[in-house]
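Participant: Let me give you the structure first, and then I'll get to my questions.
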Amino acid sequence: MIPAADTPIGFALHFALVCLSLAYFAALYRLLKGPTIPDRIIVIDLVASATIGVVLTFIILTGKTIFINVALVIALIVFMGNVAFAKYLKKTVCDD
Amino acid sequence: MAIYFVLFFLTIGAVFILIASIGLLKMPDIYLRMSASTIAGTFGVASMLVAVAIHFYDFGIFLHIAGVIIFLILTVPVGAHMLGRSSHIIGLPMWHKTVRDDMKDKYDHENHTFKTFKKEGELKNDTKEA
């Protein structure tokens, strides 16, 4: 069922997975090195994008379309995390 | 025929997420990093979702994917805007070649208030930042 790497769709899927794992490594570097707190917060956004990409690649690889809900839930949770971290950052300076 | 559209959109989406990560890695400033990450990342995810929608040619999947794309387009700029505003309020510096900063003249960093212009040339601190 899983297409081999020498067919066109299999090559595209493997290429997408390689690109997304390189994106994970870049996000990890920025998370470890990032000089300020917002540098570490915006890593959430890129990691969520890469995770949704991996989930979509997995959907095309295996044909299990139920996992589209995973992409929806990740998008929801990331928005909540962004808003919460933005409010927390603002409350570190203004006390009310 | 449809397989080539799937290949095109899948590759474009993955490459755009990679470009977003490169922007997150190489940009000199928190605001530029945020811009690169959110814009290119959203476009990459939307393109990969379109690839999935073409691959499974089904109406329920169309609805799911349209929901995810609309939700991403609505919420990702809002989150990035809130984060950029917070990082401007806590006083993170911009890149030295940045030409325009609209909030610099209107926000008072000492007592955290917005200045509103009552008359011509007169400043008044009355809006308390929540």
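Participant: Using only the alpha-carbon atoms of chain B as identical scatterers, what base-10 log of I(q)/I(0) does the Debye formula give at q = 0.13, 0.18 Å⁻¹?
Facilitator: Scattering profile of chain B, log10 relative to I(0): -0.71, -1.00.
Participant: Beyond 34 Å, what share of the Cα-Cα pairs of the protein assembly as shown remains, rounded to the nearest whole percent?
Facilitator: Pairs farther apart than 34 Å: 25 percent.
Participant: Hey, another quick one. What residue among A:ALA5, A:ALA75, A:LEU89 has its Cα farthest toward the positive end of the dipole of chain A, where the charges are +1 on Lys, Arg and -1 on Asp, Glu, each on the Cβ?
Facilitator: Going by the charge dipole, the pick is A:LEU89.
Participant: Over all distinct Cα pairs, what is the inverse of the mean 1/r for the stretch A:1-70, reported as the Kirkwood hydrodynamic radius in Å?
Facilitator: 13.3 Å is the Kirkwood radius here.
Participant: Whole-Hz ³J(HN,Hα) for each residue in the stretch B:4-21, computed from phi via Karplus 6.51 cos²θ - 1.76 cosθ + 1.60 with θ = phi - 60°, x for glycine and proline: what do you get?
Facilitator: 6, 5, 4, 4, 4, 5, 5, 5, 4, x, 5, 5, 6, 5, 5, 5, 4, 5
Participant: Suppose every Lys and Arg Cβ carries +1 and every Asp and Glu Cβ carries -1, with no other charges. What dipole size does the protein assembly as shown come out with about its Cα centre, to the nearest 20 debye?
Facilitator: Around 240 debye, computed over the protein assembly as shown.
Participant: How high is the relative contact order of chain B? Use alpha-carbon pairs under 8 Å, at least six apart in sequence, and give a whole percent.
Facilitator: 20
Participant: Which whole-angstrom value gives the distance between the alpha carbon centres of the stretch A:1-78 and the stretch B:2-16?
Facilitator: 14
Participant: Among B:ASN111, B:PHE56, B:PRO77, which residue has its Cα furthest toward the positive end of the charge dipole of chain B, with +1 on Lys/Arg Cβ and -1 on Asp/Glu Cβ?
Facilitator: Result: B:ASN111.
Participant: For the stretch B:60-68, just list the computed ³J(HN,Hα) in residue order, Karplus coefficients 6.51, -1.76 and 1.60, θ = phi - 60°, integers in Hz, with x standing in for Gly and Pro.
Facilitator: Working through the residues one at a time gives x, 5, 4, 5, 4, 6, 5, x, 5 Hz.
Participant: Residue-wise, which Karplus ³J(HN,Hα) couplings in Hz belong to the stretch B:78-84, taking 6.51 cos²θ - 1.76 cosθ + 1.60, θ = phi - 60°, and x for glycine or proline?
Facilitator: Values, residue by residue: 5, x, 5, 5, 5, 5, x Hz.
Participant: Extending each Cα 7 Å along its Cβ direction at B:ALA66 and A:PHE25, get the distance between those two points in nm, one decimal.
Facilitator: 4.0
Participant: Grab every C-alpha pair in the stretch B:3-63, bin the distances at 5 angstrom width from 0 up to the longest one, and report whole percents.
Facilitator: Percent of Cα pairs in each bin: 4, 22, 22, 17, 13, 9, 7, 4, 1.
Participant: Provide the buried accessible surface between chains A and B in square angstrom, both chains summed, 1.4 Å probe, rounded to the nearest 100.
Facilitator: Summing both chains' loss of accessible area gives about 4300 Å².
Participant: Still on this structure, I have one more. Taking loop as defined by DSSP and a crowding limit of 16 other beta carbons within 10 Å, which chymotrypsin sites (Phe, Trp or Tyr not before Pro) in the stretch B:66-111 fit?
Facilitator: Those satisfying the criteria are B:TRP95.
The values are calculated or read from the model by the stated rules, or taken from the named source; none is laboratory data. Since we're looking at a predicted model, the values are computed, not measured. Ideal geometry is used to build each Cβ from the backbone, glycine not excepted, and the neighbour counts take in all protein chains shown. Note: areas computed on protein heavy atoms with side chains; ligands, DNA, RNA excluded. Shrake-Rupley method; radii C 1.70, N 1.55, O 1.52, S 1.80 Å.
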